[in-house]
């Protein structure tokens, strides 16, 4: 991790003490494979299930300079994929920095795992990192559920999170693209984004995000803003006059004639509605209920 990667040289260092020792490593399938070994950097390919999509270029350059000076102290973890090639399980930041540093070989732990276990290892290991943004974490959770067929409860056990925490992250993926991008780029926080979930209109979500950024609104202010937006949207919908179709009007007339009283059918813009049947007295109500039964 970053702190370890930037540390000062440790005398002979951990790498020097281990050398190329064959360290037995046992994976979840109880297979024993070779541990620390040097692999040509061109033989390693990125993991397609890497949740991190953005890397701090300045921090990457700093790490590359540290690697040029001290070497890569912490090995990456890879798995063989055939034809002398390996796929990263974890350590993509170190891998990219090593490429920038011009290394031709890097130390690696080689683990023989199947696709499902590789996905789990890559995602679970990377989810624990503090520098993933909320959208990357949410995408990782969704991918673990899709690819490994985890329920939310099983996923929570894997990553050490409560079911409600998992749900809160997954709900972010229901937001419009502008909101997700704003979270990814650290323009708004996860709290801001969660406040916008109640706003169904995606165009309105995007408008509110811009207002949050421009006015630097707090999460509490964003919650009030979203609540007001939802109320205004509902009021606009309720004011829209809906014209009933001929079939609905004919049904309204037929029911009124059958019950011997006025019947009013109302619909809103979404297609939902209600049937109102007024009554004059308790006896009138009993009469109407008797006919309905």
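Each principal axis of the Cα cloud of segment 160-262 was taken in turn, and the coordinate range along them, longest first, works out to 62, 36, 22 Å. Summarised as an ellipsoid, segment 92-131 has semi-axes of 22, 15, 7 Å, derived from the eigenvalues of the Cα gyration tensor scaled by 5 and square-rooted, with the largest first. Computed with the Debye formula from one identical point scatterer per Cα of segment 246-292, without solvent, the log10 of I(q)/I(0) at q = 0.15, 0.30, 0.33 Å⁻¹ comes to -0.42, -1.11, -1.22. Ranked by the mean number of other Cβ atoms within 10 Å of their residues, highest first, the peptides 163-174, 278-289, 72-83, 135-146 come out as 135-146, 72-83, 163-174, 278-289. The label point for residue 287 and the one for residue 104, both projected 7 Å from the Cα toward the Cβ, are 10.2 nm apart.
Can you tell me which of 257-266, 185-194 comes out highest on packing, and rank the rest after it, using the mean Cβ neighbours within 10 Å?
Working: 257-266: 12.7, 185-194: 17.6.
Going from most to least packed, we get 185-194, 257-266.
Distance between the pseudo-spin-label points of residue 275 and residue 37 (7 Å out from Cα toward the beta carbon): 7.5 nm. Work out the FRET efficiency for residue 55 and residue 146 from their Cβ-Cβ distance, taking R0 = 22 Å, and round it to the nearest 0.05. It comes out at approximately 0.35. In this label model, residue 249 and residue 163 are separated by 5.1 nm, measuring between points 7 Å along each Cα→Cβ vector.
Averaging 1/r across all pairs of distinct Cα atoms in segment 113-204 and inverting the result yields a Kirkwood radius of 13.8 Å. Shown for 149, 40: other C-beta atoms within 10 Å of each C-beta, ranked fewest to most, produce the order 149, 40.
Order these peptides, 116-125, 210-219, by their mean beta-carbon neighbour count within 10 angstrom, highest first. Please list the in-between numbers first.
Details: 116-125: 19.6, 210-219: 13.8.
With the highest mean Cβ count within 10 Å placed first, the list reads 116-125, 210-219.
Readers should treat all values here as calculations from the given coordinates under stated rules, not as data from a laboratory. Only a predicted model underlies this, so the values are computations on that prediction, with no experimental measurement involved. So basically every Cβ, Gly included, is an ideal-geometry build from the backbone, and we count neighbours across all protein chains shown.
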